[in-house]
Amino acid sequence: MTSVAPVILLAAEKESAEVTDWAARIGWVVGLGLFVALVYWLMREGWKWRGTLQGDLPELPSAPEGPGPAKLVLSGRYHGSTTAGQWLDRIVAHGLGTRSRVELTLTDAGLDVVRPGANDFFVPVAALREARLDKGIAGKVLTEGGLLVVTWEHGDKLIDSGFRSDHAAEHNEWVETLNDMINKTETEGAR
């Protein structure tokens with residue numbers, strides 16, 4: 001009898017497991033979903049507001065009919081554009097803030113930026129100001145020299161546009177060629 005008494009005592013003390021409160025759980029899930037939707041909506045409105053503030057930026061030029069033979073071609077990623085010298089001040093007007101794949105073509109006429117799924121644009125050679133290697137642009141930070149940054153003038157604003165080639169070894173050739181073209185254009189313009 002001694003062995004049966006502890007078993008009976010244990011059986012009498014057992015309680016059933018708590019039942020899940022489904023109403024509370026569903027309420028939390030719906031509340032969290034609404035919170036995420038609100039944050040997303042606020043971010044979208046902020047993006048649209050930034051575009052409205054940058055509404056004074058003129059329309060982007062398109063490529064001329066006969067730009068001439070390609071000096072350099074690059075395929076890679078377009079990471080965005082910022083106000084020159086301010087790598088965190090993203091420009092979103094006219095689709096310049098949209099990241100995308102990119103096909104860059106450099107000709108004697110300028111830089112043709114073709115972006116599938118986003119607005120294409122053209123930078124005339126006279127608008128080019130500088131090319132350099134950098135480590136970051138709004139929302140994208142890479143190793144030192146991992147980003148090709150082209151500074152150009154549009155309207156009365158200087159813009160930095162960041163590109164990353166699928167083959168990063170191409171960046172140095174682009175910087176040299178672009179800067180040579182810019183220096184040559186400035187020299188011819190000074191005459």
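The values are calculated or read from the model by the stated rules, or taken from the named source; none is laboratory data. Bear in mind that the values here come from a model prediction, so they are computed numbers and not experimental data. Positions of Cβ are generated from backbone atoms using ideal geometry, with glycine treated the same way; all protein chains shown enter the neighbour counts. For accessibility, only protein heavy atoms count, side chains too; no ligands or nucleic acids. Shrake-Rupley method; radii C 1.70, N 1.55, O 1.52, S 1.80 Å.
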### Query
Can you tell me which residue in the range 117-154 is most open to solvent (accessible area, probe 1.4 Å), limited to those that are charged (D, E, K, R) and over 19 Å from SER62 (Cα atoms)?
GLU144
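What do you reckon, is TRP41 touching a residue at least 40 places away in the same chain (Cβ under 8 Å), surrounded by 10 or more Cβ atoms within 10 Å (Cβ to Cβ), out of contact with any strand residue (DSSP E or B) (no Cβ under 8 Å at 6 or more places or on another chain) and of a type in the set (A, V, I, L, M, F, W, C)?
Numbers: touching a residue at least 40 places away in the same chain (Cβ under 8 Å): no; surrounded by 10 or more Cβ atoms within 10 Å (Cβ to Cβ): yes; out of contact with any strand residue (DSSP E or B) (no Cβ under 8 Å at 6 or more places or on another chain): yes; of a type in the set (A, V, I, L, M, F, W, C): yes.
No, not satisfied.
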### Task
Among the candidates PRO64, PRO69, single out the residue that is part of a loop (DSSP other than H, G, I, E, B), modelled with pLDDT of 85 or more and under 29 Å from GLU103 (Cβ atoms).
PRO69
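Can you report the number of residues in the range 100-116 which are surrounded by 16 or more Cβ atoms within 10 Å (Cβ to Cβ) and either assigned to a strand (DSSP E or B) or in contact with a Phe, Trp or Tyr (Cβ under 7 Å, 6 or more places away or on another chain) (or both)? Lay out the reasoning, then the answer.
From the range 100-116, those surrounded by 16 or more Cβ atoms within 10 Å (Cβ to Cβ) are 100, 102, 104-107, 109-115; that's our starting set.
Still in the list and also either assigned to a strand (DSSP E or B) or in contact with a Phe, Trp or Tyr (Cβ under 7 Å, 6 or more places away or on another chain) (or both): 100, 102, 104-106, 110-115.
Selection size over the range 100-116: 11.
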### Summary
When every residue in the range 155-188 that is modelled with pLDDT under 90 and open to solvent by 70 Å² or more (accessible area, probe 1.4 Å) is compared, the one nearest to ASP108 (Cα to Cα) is LYS184
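State which residue is least open to solvent (accessible area, probe 1.4 Å) when the search covers only the range 66-99 and only residues that are within 27 Å of ARG50 (Cα to Cα) and among the basic types (Lys, Arg). So that I can check it myself, show each step before the final result.
The first filter runs over the range 66-99 and keeps only residues within 27 Å of ARG50 (Cα to Cα), leaving 76-99.
Applying the additional criterion that residues be among the basic types (Lys, Arg) yields 77, 90, 99.
Values: ARG77: 90, ARG90: 37, ARG99: 97 Å².
Per the criteria, the residue is ARG90.
Show me the strands (runs of 3 or more DSSP E) found entirely inside the range 117-191 where at least 1 residues are touching a Lys or Arg at 6+ places or on another chain (Cβ under 9 Å) and among the polar types (S, T, N, Q). Explain how you work it out, then say what you get.
On the way: elements: 121-124, 128-134, 147-154, 157-165.
Output list reads 147-154, 157-165.
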